[in-house]
Each structure stands twice: as C-alpha cells, then as structure tokens.
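The values are calculated or read from the model by the stated rules, or taken from the named source; none is laboratory data. Since the model is a prediction, treat every value here as computed from it, not as a measurement. Backbone-built Cβ (ideal geometry, glycine too); neighbour counts: all protein chains shown. We work out accessible area using only protein heavy atoms, side chains counted, and drop any ligands, DNA or RNA first. Shrake-Rupley method; radii C 1.70, N 1.55, O 1.52, S 1.80 Å.
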Amino acid sequence: MADVLLRHQDEGVLYLTLNRPEVLNAFNEELLEALAQALEDVPLSARAVLVQGSGRAFSAGQDLNEAPRSYRSHLTHYNRVIRALSRLDRPVIAALHGAVAGAGLSLALACDLRIASEDVMLTTGFSRIGLVPDSGMSYTLPRLVGPAKAFELLAFSPRLNAEEALRLGLVNRVVPAAHLIAEAEATARELAQGPRSLGWIKQLLQEPSPNLESALEREAEFQEQAGRTEDHQEGLRAFREKRPPRFQGR
Ligand code: T3D
C-alpha cells in the first residue's frame, strides 16, 4: 500500500505530500498521525516546508467514511498537526489546487503562505455536515477575512474560486495550474535561504499580541534575539559590501 504521506527534502525545503488521491487526500488517522510526526520532527537542515496534495485536489478534509466515535478525542490528532505547524520556527507554504475543504482548508490556513492554482476551490464545508469549524479555523479564518465574512463562509459554506479566495485574502497568490509546483517550490527555496529571524516573524504573527504595549515588548524581546544572530551580521556586511546576503539560518 502506498504511503499516505510522502516526504522528501531538497535544497533546504522539506516537501510533505498528502497522498490519498482516491479520496481527494481526505484525512484519516493514519494520515494525521504521519503529518503530525513529520511536522514535529522537521530536521534542522530543512529551513522551509512545502505542503501539497497528490492527484487532483489538496484535501477534501475529514475522511467522511471514517467518522470518529468521539469527536473530542479525534480532534487531538488534528490539534497536534495544527500545534506543530504553529510551533515550527520555520515557514510553511501550502500549494493549493483542486478541492480545499473542511479540515483541508484549516490546514492550509494554519500555514504561513498559501499559493493557489487557478483551478482551486475553497470551502469551509463544516456546516454542510452539521459540524462546527475545527483544526483552528475559528481562529485563523476571522483573522484573515474579519468576523462577519467568517460567519458567512462558515454558515453557508459557499464554494470559492481562486479569484474570490484571492480577493478575500485567503490565498497570497494565484498562478496557472501548470505553474503551481514551480511557483511554490521557488517561493519555498527563497524562504529556505532566508534569515533565522523568519521564525520570530512567524511567531510574532502566529501568536498576536493582545495590545500595542505587549506588541512593543515582544518585538523588543525578539529583536534582541535576532540582533545576536550570525544572519544579522551577514545582513549588515552584505549591505556595506553592496551584495545580496547569504543567510545560513543561524
Ligand atoms: O472528524 C472530525 O473530527 C470532524 C472533522 C471535520 C473536519 C472536516 O473536514 S468537515 C468537512 C469534510 N469534507 C467535506 O464535507 C467535503 C466532502 N467532499 C465533497 O464535498 C466533494 O468531494 C468535493 C466538493 C470536495 C469535490 O467534489 P468532486 O465532484 O470534485 O469529487 P467527488 O467525486 O465528490 O470525490 C472524488 C472521490 O473522493 C469520491 O470517491 P468515489 O466516488 O470516486 O469512490 C468521493 O467520495 C471521495 N471523497 C471526497 N471527499 C471525501 C471523499 N471521501 C471521503 N471523505 C471525504 N471528505
């Protein structure tokens, strides 16, 4: 039987491919466990992660043929994946094509950057089967589109095309289907050559400060750490020498 999650690393990018194409990469326990483990164990040599789906979709969300006995315990698998994504101190890019539904959309929204192909179809999907959003979507979605739009998207579960998703800010960029992988790879490689401070930038945004005062405090704390990195020194040298920086992620 094929692996439900494919992994390979190249040029500092860890590629994770959801691989249950016969069910549009719907999540079962095996896939969630594999994804959680992969995200918890990203090697230090990987300075960016790219998540994608095999076949004709990114992911159709929970495998509806494997409904859980207890939703609360089942969600521990999803929550492990989302926590690992959020805690990872390196950027994660989602390459989206075809259906991105339910928990598949939750996964995408928990990534740091979303690149979509023109054939993408996004839908929250939960209300269509009488459920509430999970895997962090009640947190991530309103932060991207505002609470009123989030309610609309969650209550009616419309199918959004690439143009609508881009307009709402659910995806960063839309590219022709034939260019999706190349574009996502190029972006991931560029991030993999970025400075150590990307991890702190991610942290500042993933866990937003509750008010201006605490934002100022946290920025000062992270800037202190970033200021001590080799990458900061390299950035300063490159500026003086009028050349692009060569960051090592340290
Ligand atoms: O469990 C919990 O803890 C709760 C968590 C819930 C989180 C969620 O993700 S809730 C939302 C779950 N997802 C959905 O409701 C989406 C269900 N799928 C669809 O509505 C449609 O498949 C799509 C709109 C995504 C795509 O439509 P289309 O026409 O392009 O493809 P299709 O023919 O419907 O699907 C192709 C095959 O994939 C098909 O199998 P078959 O007939 O060829 O043998 C279909 O049954 C299968 N498939 C699609 N989605 C799922 C699935 N099988 C299992 N689970 C799925 N989610």
**Complete:** Residues in the range 202-235 that are over 16 Å from ARG87 (Cα atoms) and assigned to a helix (DSSP H, G or I) total 21
**Item:** Residues that are farther than 16 Å from CYS111 by Cα, open to solvent by 50 Å² or more (accessible area, probe 1.4 Å) and in a helix (DSSP H, G or I), drawn from the range 160-182
**Value:** GLU163, GLU164, ARG167, ALA177, ALA178, HIS179, ILE181, ALA182
**Request:** Filter the range 215-247 for residues that are in contact with a Lys or Arg (Cβ under 9 Å, 6 or more places away or on another chain) and loosely packed, with under 13 Cβ neighbours inside 10 Å and give the result.
**Result:** ARG237, ARG243
**Message:** Pairs needed: first member in the range 181-203, within 20 Å of GLN248 (Cβ to Cβ); second member anywhere, open to solvent by 70 Å² or more (accessible area, probe 1.4 Å); C-beta distance under 6 Å; at least 6 residues apart or different chains.
**Reply:** ARG189/GLU11; ARG196/ARG250
**Item:** Search result, residues across the range 59-74 that are more than 6 Å from the ligand (Cβ to nearest atom), loosely packed, with under 10 Cβ neighbours inside 10 Å, within 14 Å of GLU29 (Cβ to Cβ) and not hydroxyl-bearing (Ser, Thr, Tyr)
**Value:** ARG69
**Request:** May I ask you to list the residues in the range 194-214 that are over 23 Å from VAL92 (Cα atoms) and open to solvent by less than 50 Å² (accessible area, probe 1.4 Å)?
**Result:** SER214
**Request:** Determine whether GLN203 is within 23 Å of ARG173 (Cα to Cα) and not aromatic (Phe, Trp, Tyr).
**Result:** yes
**Complete:** Across the range 129-159, the tally of residues that are more than 25 Å from LEU198 (Cα to Cα) and either touching a strand residue (DSSP E or B) at 6+ places or on another chain (Cβ under 9 Å) or surrounded by 17 or more Cβ atoms within 10 Å (Cβ to Cβ) (or both) stands at 10
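I'd like to know if the range 98-111 contains one or more residues that are assigned to a loop (DSSP other than H, G, I, E, B), closer than 22 Å to LYS202 by Cα and touching a residue at least 12 places away in the same chain (Cβ under 8 Å).
Scanning the range 98-111 turns up at least one residue that is assigned to a loop (DSSP other than H, G, I, E, B), closer than 22 Å to LYS202 by Cα and touching a residue at least 12 places away in the same chain (Cβ under 8 Å).
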